[in-house]
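Scroll down for the structure; my scribbles are underneath it.
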Amino acid sequence: MGTTDSRLAVLASGKGSNFKALLNHIRAGTLPNVQITLLITNTPKAGAIDIAQAYDTPVVIISPRNFATRREYDSEINHVLLDHRIDLVILAGYMRIIGDPILTTYRGRILNIHPSLLPNFPGLHAPKQALDRGVSETGCTVHFVDETLDGGPVILQRRVPILPNDTVDTLTKRIQAEEHAAYAEAIRKVLANEIDI
Ligand code: GRF
């Protein structure tokens, strides 16, 4: 790990497969000059914590219950990000809306991944939304985070065809396989300044 590595914080609430994929890209050298400095989670139940421990990545659990308002909660996260000199904030299944002061401090440096071809199917259960709508393809999107829900500028998308016998489960698995490559690619592009907002 070089001293000039970009310092990423991953924010996750769930099982953390995208977090793990990024750690594996870093190990494999396919996401060079990057370190995941810490995992931040809102819940001690996040599977991502076990992954962090397996990869010797520090974990900070910040429970919203300990804060009176969303702003106070996000202020605490903002402090942690600044304390650790984080360059990029990576949302990977983080089930809370990001607000100020994080948005202002890290504008253009907060990324999210979403399991649809945005602007189609924002919000929860995107693979199910796609199946229910009967579309022939869906995919995943990496985008910058702004005030809108799943509406910030798109960095890149990958397409996934919907097969005749797809269930939410089979479709979600194929989308996630694409996510695991897409997120590393998007981070490389952002760090190489290849993306204009
Ligand atoms: C991913 O499908 C991502 O698109 C969405 O949340 C899911 C997180 O999965 N934002 P995981 O915890 O990374 O496995």
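A short reminder: the numbers here are calculations on the coordinates, not readings from a lab. Keep in mind it's a predicted model, so treat the numbers as computed, not measured.
Pairs exceeding a 19 Å alpha-carbon distance, out of Lys15/Lys45; Lys20/Lys128; Lys45/Lys173; Lys45/Lys128: Lys20/Lys128; Lys45/Lys173; Lys45/Lys128. Computed from backbone phi with θ = phi - 60° and the Karplus coefficients 6.51, -1.76 and 1.60, the 3J(HN,Hα) list for segment 148-161 is 7, 7, 6, x, x, x, 6, 8, 7, 9, 10, 8, 9, x Hz; x is used for glycine and proline. For segment 179-188, backbone phi angles converted through the Karplus equation (6.51, -1.76, 1.60; θ = phi - 60°) give residue-by-residue couplings of 4, 5, 8, 5, 5, 4, 4, 5, 5, 4 Hz, Gly and Pro being listed as x.
Equivalent ellipsoid semi-axes for segment 32-166, as square roots of 5 times the alpha carbon gyration tensor eigenvalues: give them largest first, rounded to whole Å. Spell out each step's value before the answer.
Numbers: eigenvalues 164, 58, 48 Å².
Semi-axes (√(5λ), whole Å): 29, 17, 15.
Amide H to amide H, with H built 1.01 Å from N, Leu117 comes under 5 Å of Gly139, counting only residues 5 or more places away or on other chains. Cα centroid separation, segment 121-171 to segment 23-37: 26 Å.
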